[in-house]
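The values are calculated or read from the model by the stated rules, or taken from the named source; none is laboratory data. Because the structure is a prediction, the values reported are computed rather than measured. Glycine also receives a Cβ, built like all others from the backbone with ideal geometry; neighbour counts cover every protein chain displayed. All accessible areas refer to the heavy atoms of the entire protein, side chains included, with ligands and DNA or RNA removed. Shrake-Rupley method; radii C 1.70, N 1.55, O 1.52, S 1.80 Å.
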Amino acid sequence: MASHLLNHSKKLRNASSLLHQDRALLIRWFCSDVQPSSINRNRDVRKTRLQDCESSARNRVSESAPSFTKSSFGVQKRNMSTTKRGYMRESLLNGEISQNSQVMSRRGYASASDLPPHQEIGMPSLSPTMTEGNIARWLKKEGDKVSPGEVLCEVETDKATVEMECMEEGYLAKIVRKEGEKEIKVGEVIAVTVEDEEDIAKFKDYQPSASESSAPPAKESSAPPPPKKEAVEEPAREPEPKASKPSAPPSSGDRIFASPLARKLAEEKNVNLSSIKGTGPDGLIVKGDIDDYLASGAKEVSAPSKAKAATDAALDYTDIPVSQIRKVTASRLLLSKQTIPHYYLTVDTCVDKLISLRAQLNSLQEASGGSRISVNDLVIKAAALALRKVPQCNSSWTNDYIRQYHNVNINVAVQTDHGLFVPVVRDADKKGLSTIGEEVKQLAKKAKENSLKPQDYEGGTFTVSNLGGPFGVKQFCAIVNPPQSGILAVGSAERRVVPGSGAEEFKFASFMAVTLSCDHRVIDGAIGAEWLKAFKGYIENPETMLL
């Protein structure tokens, strides 16, 4: 109720004035733990005092610049955050409404006095690991009316393409970041909405302020504003060369604060941000600091670039843009190889009985109109049952403890034109082969269409990657998918000559090589071998999977 009142009431646009005027009154008004008798006894008093506050706030608003709201309010419906009354009570005691979720609003004043009240929509964080996103497609255009629950646009995150929904009613006045724009940081303004349709035209040439678009999101809440003395002296120090000379980084631990534009420029020019002293608020490194550093004679920065340009000039090549999914895949796999102590166990499994059982099951499936069962479906089932038998491999490392999962959720690697996806089959140990096969087909289809939802790929405890059936790869070693502790690499089946029962007897058999990659912090060598033994038993005696 509090959030709705502060967001939508035109009478309460100057929320800070109202809060400062009577904090305790608003706390009692919004809290749920006030005694009913007290509410009834003071209802008339509160109503009168609130009306006085509203009148005072209305008078102050008419004399000051219009207010606006900035919030990242486009989120998935299933992750929609709400404000608890207890948290609202604590925030009001501090004289402010804090941002404990993406849908919380931050009130302020518009920099341009001719702009009516409006709301800036920031790029939301649509997955736990998302730091930036791309605008895949706008489903609304400027001037359209938007209502809660309607889809504004499609955002390409680090995992998939996700629909961003509107949470408040209004009109889409300005689309700041156009369709197809990439690498938009979480929190950066992508659109502006207004309450009144007649205000749309006033935002035709609107541009977000530089401080709103370049400042890091965490900076606002963690760092106080600089003293007035520093703010006065900054302009005088900007042209001095010592601002761009190498010096100690800002005193904020190991973290270096820089605007997104400055970070991008530093990356292009091979500039180490730790060697630059920022001249922005609280030591923030801005684009001008990078330009000054390059202009001050840092020739060693441009030398590698010139050598690279000379080399590239002799080559014929095409630069392929990197998608968000490719970026995240690269960073996660690099993190895995750098931080997880891998080791690998390989075993050959005879699949003659498995292939025979599959043929029998498929004949039954065809007779009943069901889908065919693949070898990969049987592998997933065998891996799930082996995890249930050896639960130590169904675990994750968390530094302080090892978390052992009671659910067996198998991620299945799927290669698509958009990148590598790992959708999850939940509780695979409890599902039948036909159910697993149907789920894998549906998930693979959604992955190739780039339409996976977070619930389709989150929550896995083990991964299976099969390059044998589709590509004929004999054997390979896969990289552990963190935070999991194991991944099974499945190779192709091949016919081999093996000794028979007699001295000079031989027979043919089909063998499939599988390699288990383990995190040695969680899975010791003997435990990994025990799991492989259980897996091999299910593959070579597949009828035991049906028990």
**Item:** Candidate set from the stretch 356-401 (those that are β-branched (Val, Ile, Thr) and surrounded by 15 or more Cβ atoms within 10 Å (Cβ to Cβ)); member that is nearest to Lys507 (Cα to Cα)
**Value:** Val375
**Item:** Scan of the stretch 508-540 for residues that are among the basic types (Lys, Arg) and either at pLDDT below 95 or over 30 Å from Leu335 (Cβ atoms) (or both), ordered by number
**Value:** Lys533, Lys536
**Message:** Name the single residue that is nearest to Pro482 (Cα to Cα) among those in the stretch 313-331 being open to solvent by 70 Å² or more (accessible area, probe 1.4 Å) and in a helix (DSSP H, G or I).
**Reply:** Arg326
**Asked** Pick from the stretch 320-341 the residues that are in contact (Cβ under 8 Å) with a residue 40 or more places away in the chain and farther than 12 Å from Ile479 by Cβ: which of them is farthest from the chain's Cα centre (by Cα)?
**Response** Pro341
**Request:** Tell me which of these Pro470 doesn't satisfy, since it passes every other one: (1) at pLDDT below 95; (2) part of a helix (DSSP H, G or I); (3) over 19 Å from Ile539 (Cβ atoms).
**Result:** (3)
**Message:** Against the conditions (1) part of a strand (DSSP E or B); (2) open to solvent by 10 Å² or more (accessible area, probe 1.4 Å), where does Thr349 fall short? Just the number, please.
**Reply:** (2)
**Prompt:** Restricting attention to the stretch 440-475, which residues are in contact (Cβ under 8 Å) with a residue 24 or more places away in the chain, at positive phi and surrounded by fewer than 15 Cβ atoms within 10 Å (Cβ to Cβ)?
**Reply:** Gly459
**Fill in**
Over the stretch 254-291, the set of residues among the acidic types (Asp, Glu) and open to solvent by less than 30 Å² (accessible area, probe 1.4 Å) is Asp289
**Fill in**
Of the conditions (1) farther than 30 Å from Asn134 by Cα; (2) of a type outside the set (A, V, I, L, M); (3) outside any loop (DSSP other than H, G, I, E, B), the single one that Asn399 does not satisfy is (3)
**Asked** All but one of (1) part of a strand (DSSP E or B); (2) at pLDDT below 90 hold for Tyr171; which doesn't?
**Response** (2)
**Prompt:** Out of the residues in the stretch 482-507 that are within 19 Å of Thr329 (Cβ to Cβ) and out of contact with any helix residue (DSSP H, G or I) (no Cβ under 7 Å at 6 or more places or on another chain), which is most open to solvent (accessible area, probe 1.4 Å)?
**Reply:** Pro483
